[in-house]
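The next block holds one structure in the form of structure tokens; read it before the comments.
Taken together, the values in this text are just the output of simple stated rules run on the coordinates, not laboratory data. Computed from a prediction, not measured in an experiment: that's the story for all the values here. Glycine also receives a Cβ, built like all others from the backbone with ideal geometry; neighbour counts cover every protein chain displayed.
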Amino acid sequence: MLSLEMVLALLPSSIVYGIFLGGLYAIIAVGLSMIFGVMKVINLAHGDFAMLGMYITFWLLTIFGVPPLLSLPVSFAVMFAVGFPFMWLVKPLFKRPLEEMINSSVILTYGASLALASGAQMIWTSNFRRVPNPYWGTTFSIGGIGLDMGYTVVFMFAVIVYLMLYFFLIRTKVGKAIRAVSQDPDAAALMGIDVDRMHTLSMGIGLGLAALGGSLLSLVYYLYPWVGEQLVLLMFIICVLGGLGSILGVFYGALIIGLAESIAVIFIPASIKDVVAYAIFLGILLIRPQGLLGGKM
Amino acid sequence: MYYAERMRRGVVLSAAIVATIAVIVGFVVGIAGGYFWGLSAVPAPVTVTTTKTVTAPGAAKTVTATSTVTATKTVTAPAAAPLAGKVIKVGVVQPLSGPLAYFGESGLDGVKFATDEINAKGGVLGAKIELHIEDFGIDYKAAAAAAEKLITVDKVNVVVGGFASGAGYTIEDVTEKYHVPYVTIGCSADTITARGYHWVFRTAPNSTEYMLMMGHVLSMLYPKAKRVAILAENSEYGQASLRAIKKLAPQYGWTIVYDEPYEKRTPDFRPTLQKVKATNPDLIGLVSYLTDAALIMKQSKEVGINVPISTISGAGPQTLKFIDLTGKGAEGMVMASEFWPNKKWPYLPAVMDISYKFWDKYKRPIDFQAWAGIGVMYIIKDAVTRAKSLDHTDLRNAIASTNMFLPWMGPILFYPNGHAGWWKYNLVTYQIQKVRQVDGIPANIPWQSNGLSFYAVYPPKAAVAALTTP
Amino acid sequence: MKLGITDRSRLLLETVGIIVLFLIPPAIYATPYRLYLLHILILAMIYAVFGQSWNILAGYAGQVSLGHEVLLGTGAYASALLVYFYHMDPWLTLIASAAMAIVTGMALGAVTFKLRGFYFALATLAFAEMVRLIILAWSGVTRGAEGVPVPVPQPVNMFGFIIDFKSKFSWYYITLVFMIIAFYLTYKLTRSKYGLLFRSVREDEDAAASLGVNTFKLKMLAMLVSAAFAGIAGGLYANYMGYIDPAWEAGGVLSPFTGLDALVIGIVGGMGTVIGPIIGSLVRVGLGEYLRAYIGVAAGFDIFTFGAIVVAVVLVLPTGIWGYIDEKLLRGGVG
Amino acid sequence: MILEVDRLTKAFGGLIAVKELSFEVDKGELMGMIGPNGSGKTTTFNCIAGYYNPTSGKVIFDGKDVTRKSSHERAKMGIARTFQLVKPFHNMTVLENTMVGALTKGASLSEAEAKVEEILDLVGLKDVMKRKAKELPLAMRKKVELARALALDPKLLLLDEVVAGLNPTEISEMLEVIKEINRRGVTIIMVEHVMRAVMSISKRIIVLHHGEKIAEGPPEEIANSAKVIEAYLGEKYMI
């Protein structure tokens, strides 16, 4: 068994790693929360859009030599554009009653996820790839805790993206309109907001954020066509934990899960660290059925 | 009554009966149609496509793989061609989509490569080999269905493939039931051949053998290592290896200080690695697939682990992709593998020859799965030659009594349980070293990455380079 | 409702349908692909029971579970472990399968039935994944990642019929009987008082509670039936396939993708209809296998096509395939 | 006395929706409850019907303390209700909608079917009983809720704005039905935002404002109460 001394020795760096992991989770999950919160669509294909973002970064670098960080806006823009046809696919579901819409959206996006991943395999083969970026494997150390440049960059961008998104949603007119639609589409429509447009817009932003998350993930992880399936379930847990449609909540949720997983590893085998994440999720949901920051956005 | 009224007699009755029958008939016809359509879609036996022989500079140009095989075997005269006009149907079940596709394709390419070569030389006793390729993704029940289809519909003479041990289990269940010989590609879990099955043969080493080899080499390389931490993924592959390691550890004077399994598919191993570091190991052993192993290598540096890390099992890391993903940090790592294009033997030129041909054809380095695919096809060829028959039982008995030598594998002999004895003969340890000219291997080999490649270092009779402490 | 005069047509219809099902094996006996086809049909029938189990909970009682594989998996494990370690009679272990799945289902219900909609769906997902990881880690009991190989049972003599468990024909009839029983029970249940109450809970829980419906108890009841079906499907699956493991990858009995399969079967077939899951499982297992085996343009093309078909069905037929047939052709007669 | 509400308080976080509310209802009475928007009428209903647990105070029904009982238990004891925003079971037929209440009281399917036919006749839904609830117009859906509640054989019926959104003809029809139900011995509490509908049929009216009772008495008295007018006027100015 572990001595207290050892636990204390491991704890500080575990916390740091947990926060950084949380940052990574947060940047991938935020687009999901956007789509989930505004349109009540469970987008199982989210991970696959992130995968597309990873490939965009990869090809921009290999073919045109674009540095990975400069490809962030490109992958956001490309997937933002993809949001429109995707919305066209999803839109017929909104005519259905809410419960039916949820079920249909799960299956529809599951089908889309299969098609995207296998399509990617057909185009780019099943090869494992790595984006050769300058941050890969570069480490520095603060207070004896070794840190990876890649994770640090991801975390920084996570914070920047959250701030921008927060500003966008709180301050701008369009952002306010999106929030209104997310809270009550009918009332928003009565106030003269074009609900359809806001839906399309937030779908575009959601997918764009997914790709952005993917592009950032490619700084620290490998890419292959089926990479998207790996994380998407945990991302949903994070979204709901934070509270449906609450952008800030997602950040907290991601930090909690990241920290919980990192710290849990001190005490239990790494193979069951996700059990802790799921248990925390269920526990919080039983106490606060609306999630941590549910209801606000 | 209201409920009763919901039924409208005439219309409902006829419509629903028609619907039910239509669905069933449609299903039957669909499969049947697909079957016949599929027959026409099956590619005709592959004809000669490669004639170009690229030989390594300095290698004996005359020796080719096949001639070596027949030379070392008991001589059978194929002139009579007793199977002329017949077709040897080989069913290939491999993961060709999903996360394992990279390895599955590699094995399939090996199978295709060998098939082309054999057919180009006139087939086996006049019979051409025909491949029936099935993809199971990662779905093991699809693997069983694929085997079922290959055997009952396509009537294949032998089934090969698998890669994942889980798929191997379900495939061998099917082949056992229909009494069809099954030769695995991959599937290293000990238990594949420990279930008392009669029809399964494995060319891959099992976990225990990998471990025996690696333990031996690692205790040579790091003689002072006493405390050993093992990071094994929580799959059958990882845990089977872990069990083997634990059993063998005392033999090398090792104390296993860490043996907790980890969950695959996580982007962050640092907390785990920290815990490993806290146990103060002298040596860390990995039982991981490709990406996890590469990620662990990378992140161990962040955590400040400066004890040697080594893979101690088969699967993933023994491909060039591992060096690709890990970068320069991979230098000095050792891993046991059955095949890599530089095993010494007297047959190195032949091995190099095949490696170059394979590279030309598929533009990928030949790796352990591809070698296994090629090997499996030559084993089948050999068995058919001896059996002079395509009957399942004859083939099975012929495979069981295989006693042959393949330049890239070494001697092939199957134990009664269907496992080929690797530890004794064929398993070789490779080390990732700087690419350079060594005896029989030029410096300009295409299968290198970051200036690194694999070099056979142990046992001495196979070694092309010396084991060096990184 | 007791059988009235006009239910005669239904009875006739069902009898014909069942006779057709019973006659499939002899009908296809002469064809070269009989065993392969039977294999697919057996899997489809097992999945139909699993899909029906999901349908009872989601389609009738309105509790859309994304983690339904946990019931199938625990059921499969109960049977497989008993057969493997204690060489128990597979028939008896099916009872254990049902019991184990019910216990799991009750635990799942106790934890998650307070939640609604999204929250319920994702809580089931988390619960199922938790159970999978625990089964994976608890290798002393469950053999962990190694999985459980299930030995083929000895042939059984039942009323003069020799049931040889190596034969696809035996298995076909075994699963057929189980499927018919499951579907008959579902039919009875949904046409009973409880069926009506389930639907009231599905439509509006608050309104149902205001009418004296103990919604928690009722949801638990739906879970009980659902779990029993899923558990038996799991037991059949383990014994038929001969090997189960707790892998995350598709095809594992505890894999999240298996839970999604239940959704595909239920929704593509037609939620809240009794026949729907049969159609759905023919699509999931039959069409999926057909694409995999015969449409080999490129690796992954079959999955691509399947994904596209699922998307198309969801968009074109909101109520699923059987839902559409039922509404448009049979005018809501058969359900 | 069938219902006694004793110092009922319900707070949502910091917001107090109902404050120290007490009133009694006699058997067979038809009582009205009015008040401006947000005055706590529906919250009071929800506390009586068991949808909310009150923060403090007691609800005594038929001599038994039901404060901590869940809504389905109260429904079985005889408290039935309708919802302000109608919640019929959309994908079920009118008949099936109505049968639910009877079934929870222990009837079999055929008994329930026989029993509710009479109720459907009473509320005037017999012709549409095989239609799905979602296909009906609002007035009909409100009647479906009423019929559904009646199938419980309630002792106390809580009607939450059953005439809101209806046209004058529909209102008078509905009021007739309510009067008939009351005549058959069911105690009724009727919440209305519009005073006129309640005035015409109830003997006694309670007025709520900001969660507190500000007036109680016969309709004429209420109509002339300065306090009530002030409350309503205040609301008008606010709008």
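When peptides C:73-86, B:191-204, B:229-242 are ranked by their average number of other Cβ atoms within 10 Å per residue, the highest-first order is B:229-242, C:73-86, B:191-204.
How much mean residue ellipticity at 222 nm does chain D get from its helices, if each DSSP H run of length 4 or more adds -39500 (n - 2.57) and you divide by all residues, to the nearest 500 deg cm²/dmol?
Values: 9 runs with 97 residues, N = 239.
Using -39500 (n - 2.57) per qualifying helix, the result is -12000 deg cm²/dmol.
Across q = 0.27 Å⁻¹, segment C:102-148 modelled as identical point scatterers on its alpha-carbon atoms has Debye log10 I(q)/I(0) values of -0.92, in the order of the q list.
Peptide B:295-304 has a mean of 5 when you count, residue by residue, the C-beta atoms of other protein chains within 10 Å of its C-beta.
Modelled label positions at C:Y184 and B:R436, each set 7 Å beyond Cα in the direction of Cβ, lie 8.0 nm from each other. Taking the centroid of alpha carbons for each part, segment C:139-183 and segment D:1-29 are 62 Å apart. Normalising the average separation of contacting C-alpha pairs (under 8 angstrom, six or more residues apart) by the number of residues puts the relative contact order of segment B:318-470 at 33 percent. Segment B:264-339 and segment B:140-190 have Cα centres lying 32 Å from one another. Which of the residue pairs B:K155/B:K321; D:K105/D:K143; D:K41/D:K69; D:K203/D:K227; C:K193/D:K126; D:K142/D:K203 have a Cα-Cα distance greater than 25 Å in the structure shown? Over 25 Å apart, Cα to Cα: B:K155/B:K321.
What is the diffusion coefficient of segment D:158-239 in µm²/s, taking the Kirkwood radius over Cα pairs and the Stokes-Einstein relation at 4 °C with a viscosity of 1.567 mPa s? So the translational diffusion coefficient is about 94 µm²/s. Taken over segment B:208-337, the alpha-carbon convex hull comes to 91 cubic angstrom per residue.
Please state, as a whole number in µm²/s, the translational diffusion coefficient that the Stokes-Einstein equation yields for segment D:1-118 at 20 °C and 1.002 mPa s, with Rh defined as the Kirkwood radius across alpha carbon pairs. So the translational diffusion coefficient is about 135 µm²/s. In percent, rounded to a whole number, the relative contact order of chain C is 29, using alpha-carbon pairs under 8 Å and six or more apart.
Note on segment D:1-68: percent of Cα-Cα distances in each 10 Å bin, starting at 0 and stopping at the bin with the largest distance, equals 21, 56, 21, 2.
Comparing C:S97, C:S170, C:S65 in a Gaussian network model of chain C, where Cα atoms under 10 Å apart are tied by springs, the biggest mean-square fluctuation is seen for C:S170.
If R0 is 35 Å, what FRET efficiency do you get for D:T9 and D:N167 from their C-beta distance, rounded to 0.05? The calculated FRET efficiency here is 0.40.
Each residue of segment D:75-82 is assigned a 3J(HN,Hα), and the resulting list reads 4, 5, 6, x, 9, 10, 8, 10 Hz, derived from the Karplus form 6.51 cos²θ - 1.76 cosθ + 1.60 (θ = phi - 60°), x at Gly and Pro. Distances between every pair of Cα atoms in segment C:1-100, grouped in 5 Å steps from 0 to the bin holding the largest one, split as 3, 10, 11, 13, 15, 17, 17, 10, 3, 1, 0 percent. Legend: calculated FRET efficiency, A:V66 to B:Y197, from the Cβ-Cβ distance at R0 = 45 Å, rounded to 0.05, equals 0.25. GNM remark for chain C: springs join alpha carbons under 10 Å apart, and the peak mean-square fluctuation among C:Q154, C:Q63, C:Q52 falls on C:Q154. Test of understanding: in a Gaussian network model of chain A with alpha carbons linked when under 10 Å, which of A:G47, A:G214, A:G283 would top the mean-square fluctuation ranking? Its mean-square fluctuation being the largest, the pick is A:G283. Mean silhouette area of chain D, derived from the convex hull of its C-alpha atoms and averaged over all directions, reads 12.9 nm².
Going from the alpha-carbon gyration tensor of the protein assembly as shown, what semi-axes, largest first and in whole Å, does one get by taking the root of 5 times each eigenvalue? All intermediate terms of the calculation are to be shown ahead of the outcome.
Details: eigenvalues 792, 276, 129 Å².
Its equivalent ellipsoid spans semi-axes of 63, 37, 25 Å.
Calculate the all-directions average of the projected area of segment A:1-125's alpha-carbon convex hull, and give it in nm².
Working: hull surface 47.5 nm².
Dividing the Cα hull surface by four gives the mean projection, 11.9 nm².
Scanning residues 5 or more positions from B:R202 or on other chains, those with amide H under 5 Å from its amide H are B:T184, B:H419, B:A420, with H placed 1.01 Å from N in the peptide plane. What separates the Cα centres of segment D:107-185 and segment C:255-279 is a distance of 37 Å.
What does the net charge come to around D:E170 if you take all other residues with beta carbon closer than 12 Å to its beta carbon, with K and R at +1 and D and E at -1?
Numbers: positive: D:R141, D:K142, D:K143; negative: D:E173, D:E176.
In short, +1.
All C-alpha to C-alpha distances of segment A:215-297, sorted into 10 Å bins beginning at zero, yield P(r) values of 18, 42, 33, 7 percent in whole numbers.
Extent along the principal axes, Cα only, for segment C:204-335: 57, 39, 22 Å, with the longest axis given first. The mean number of partner chain beta-carbon atoms within 10 angstrom of a residue's beta-carbon across peptide B:168-181 is 3.
Can you run phi through the Karplus equation (6.51, -1.76, 1.60; θ = phi - 60°) for segment C:90-97 and list ³J(HN,Hα) in whole Hz, with x for Gly and Pro? Per residue, the Karplus-derived 3J(HN,Hα) values read x, 5, 5, 5, 4, 5, 4, 4 Hz.
Principal axis extents of the Cα atoms in segment C:137-198, from largest to smallest and rounded to whole angstrom, are 44, 42, 17.
The 3J(HN,Hα) values that the Karplus relation (6.51, -1.76, 1.60; θ = phi - 60°) gives for segment B:212-225 are, in residue order, 4, 5, 5, x, 4, 5, 5, 6, 6, 6, 10, x, 8, 5 Hz. Gly and Pro appear as x.
For chain A, list log₁₀ I(q)/I(0) at each q in 0.10, 0.13, 0.17 Å⁻¹, using the Debye formula over Cα point scatterers of equal strength and ignoring solvent, two decimals each. Cα-only, vacuum Debye calculation for chain A: -0.54, -0.91, -1.47.
For chain C, taking Cα atoms only, Rg and Dmax work out to 19.6, 60 Å respectively.
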